[in-house]
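The values are calculated or read from the model by the stated rules, or taken from the named source; none is laboratory data. Predicted model, so just to flag it, every value in this text is computed and none were measured. Quick reminder, even Gly has a Cβ in these numbers, built from the backbone with ideal geometry, and neighbours come from all protein chains shown.
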């Protein structure tokens with residue numbers, strides 16, 4: 001989920017609390033609620049991610065993404081995700097994968113920005129307001145720190161107050177507004193630039 005693609009973002013192994021977790025394995029100690037656990041993304045999650053993202057795109061109110069994604073494209077994205085990034089999902093025992101969060105390098109053209117990660121968070125429309133985004137952050141932020149990120153950045157549609165409130169609860173602060181940054185269905189939209197120091 002590149003910043004270009006998702007407006008915001010793991011390798012084969014991750015570490016959390018000193019416990020290694022293989023790709024696709026539950027991150028030990030991170031079962032967050034009775035309903036969901038957080039784990040690294042797997043290639044076979046592509047269909048579930050598309051099922052989360054496409055209704056959000058179709059709603060035309062939450063993201064600047066405007067074109068539906070295919071399972072093949074999502075699988076290619078997962079395969080090509082940067083090794084230094086963090087890519088996790090929240091999986092419900094009853095509903096399967098219901099949320100996704102990615103953190104990836106802001107830029108690869110200069111070492112001066114290697115400490116900056118771009119974050120993106122998407123929760124299935126039917127699973128909103130259940131704390132899943134917070135669960136994802138609780139797992140992904142320590143992983144990002146361990147991979148050398150010291151700052152997270154993202155862009156949020158100015159007309160998405162729920163997303164802005166979520167990120168504020170996670171310690172993000174507004175640093176500016178990109179005016180007429182996106183155009184959806186002929187309407188120009190502002191995006192709020194937010195960041196969090198790790």
Of the residues in segment 158-180, those that are in contact with a helix residue (DSSP H, G or I) (Cβ under 7 Å, 6 or more places away or on another chain) and not in a helix (DSSP H, G or I) number 1
Having 1 or more residues that are buried (at least 17 other Cβ atoms within 10 Å of the Cβ) and at pLDDT below 50 is the bar; report the strands (runs of 3 or more DSSP E) wholly within segment 1-96 that clear it. 13-16, 19-22, 26-31
Segment 163-196 - residue that is closer than 19 Å to residue 133 by Cβ and surrounded by fewer than 13 Cβ atoms within 10 Å (Cβ to Cβ) and, of those, farthest from the chain's Cα centre (by Cα): 173
